[in-house]
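The values are calculated or read from the model by the stated rules, or taken from the named source; none is laboratory data. It should be emphasised that the depicted structure is a prediction, and the values quoted were computed from it without experimental measurement. Counting neighbours? That spans all protein chains shown, and the Cβs are built from the backbone with ideal geometry, glycine included.
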Amino acid sequence: MKRFLSTHTLSLALAALALTVAASSAEAQRPKIGISGGVSMPNGDLADITKAGYNVNLGVEFKPAVFPLGVRVEGVMNQLSGKSIDLGGGEAFDVGDLRVLGGTANVVYQFPGIAAKPYLVGGIGMYNTKAKGADEGSTDFGINGGVGLKFSLGTLETFAEARLHNIFGEGDSARIIPISFGILF
């Protein structure tokens, strides 16, 4: 068993080294920094207590020039406005605004294109949600996935994307759909 693990470990190390060398060759591009923002829409049960808000994102994307797969690591912030919920009998409860901060690690698959390049993006992350006025927030695991379109502008790229972030909470999930526009440089 030890011999199998040693051989297996050596094979994985050699494969990782080969990928590193390939990525660092002349064909590889430098990492790109991305900044984006847009509208965030609550989905599911979250839409019952919040309204649309906004999102701001900052990330780094690594993608070899001739390979369709890349990696994106980013920080995300979504701010959703709270709703006033009718409790009946003329009473209402105002739900506070909800702030969601997250860090995600994603795989990006870019389809070929000349002027416009469509892509798929998806990954995992940790998200911290906190309602305005609350003493504490909640930090939970989540997943995300979506689609986008990149447009080249010389050395810069602009992009538009829509994703679904599903945050697994204590009892059920919170889902947010950010639609973002941004730039990679």
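Say we look at segment 140-185 and pick out the residues that are surrounded by 14 or more Cβ atoms within 10 Å (Cβ to Cβ) and of a type in the set (S, T, N, Q); which of these is modelled with the lowest pLDDT? Out of the qualifying residues, it is 152. Against the test of being touching a Lys or Arg at 6+ places or on another chain (Cβ under 9 Å) and in contact (Cβ under 8 Å) with a residue 24 or more places away in the chain, the options 75, 38, 59 yield a single qualifying residue, 59.
In segment 124-137 there is no residue that is buried (at least 19 other Cβ atoms within 10 Å of the Cβ) and of a type in the set (Asp, Glu). If I filter segment 108-120 for residues that are assigned by TED's automatic domain parsing to the domain that holds residue 171 and more than 21 Å from residue 184 (Cα to Cα), do I get at least one hit? No, segment 108-120 contains no residue that is assigned by TED's automatic domain parsing to the domain that holds residue 171 and more than 21 Å from residue 184 (Cα to Cα).
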